[in-house]
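The values are calculated or read from the model by the stated rules, or taken from the named source; none is laboratory data. Fair warning: this is a prediction, and the values are worked out from it, not measured in the lab. Only protein heavy atoms, including side chains, enter the accessible area calculation; ligands, DNA and RNA are left aside. Shrake-Rupley method; radii C 1.70, N 1.55, O 1.52, S 1.80 Å.
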Amino acid sequence: MASQAAEGQVAGTEVPASNAHADVFPPFDTNYFAPQIIWLAIVFGLLYLLMSKIALPRVAGILSSRRNAVDDDLAAAAQAQFDASQAATAHEKTLAEAKARAQALGQQAHAEAAQAAGARRAQLEADLAAKLADAEKQIGEKKSAAMANVESIAVEATHAILQQLTGKPVEAGAVAAAVAAAKP
């Protein structure tokens, strides 16, 4: 590049000075000003008609349908929220009733179990009392039988001791009378 500049050859985009201001920008040229205003009015009128008759009614319809859809969705959401709150209230009421029934069933089952245990205990106590009375009766019978045997054993033992000590036979009736007299 330095060698080209030294030679005097420089490339550029400049307009030659002789025709630099000969032509005016067409929109600002007074020769074309009247037709441009007419075309501007025609194009503006056509755009206005297109916008007012076609585009803007469509946009208004779209906005209206969106507004209606949003309003419908908001109404549906409010209804769904109301239904959900009603369902939650009904659910909580049902849950409270179920808890109350479960508690009542539990109390009833507890009462029935206590009553059954009480009846079973009373039955066992009655059975044990009957067995105890029977055992006491048997003990009494055994005791009286043993006591009857004790007296005869005492008479026999006394008779044997007296015979051993005295060396003579002792009268059985006298020994039985002596043992009976010594008995408390």
query: Out of these labelled values of percent of Cα pairs over 19 Å apart, (i) 68; (ii) 86; (iii) 64, which was calculated from the coordinates shown here?
result: (ii)
- line: Heavy-atom accessible area of the chain with neighbours in place, 1.4 angstrom probe: carbon+sulfur share in percent works out to 64
message: Bins of 10 Å, beginning at zero and ending with the bin holding the largest distance: percent of Cα pairs per bin for region 87-176, please.
response: 13, 16, 13, 12, 10, 9, 8, 7, 5, 4, 2, 0
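Tell me what the chain gives for mean residue ellipticity at 222 nm when only DSSP H runs of n ≥ 4 count, each as -39,500 (n - 2.57), the sum divided by the residue total, rounded to 500 deg cm²/dmol.
-29000 deg cm²/dmol
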- prompt: Where in the chain are the DSSP H helices whose alpha-carbon span along the long axis reaches 20 Å or more and whose Kyte-Doolittle mean is at least -0.5?
  reply: 33-50, 56-166
task: Compute the accessible area per residue over the chain, keeping the other protein chains in place, probe 1.4 Å, unit Å².
output: 87
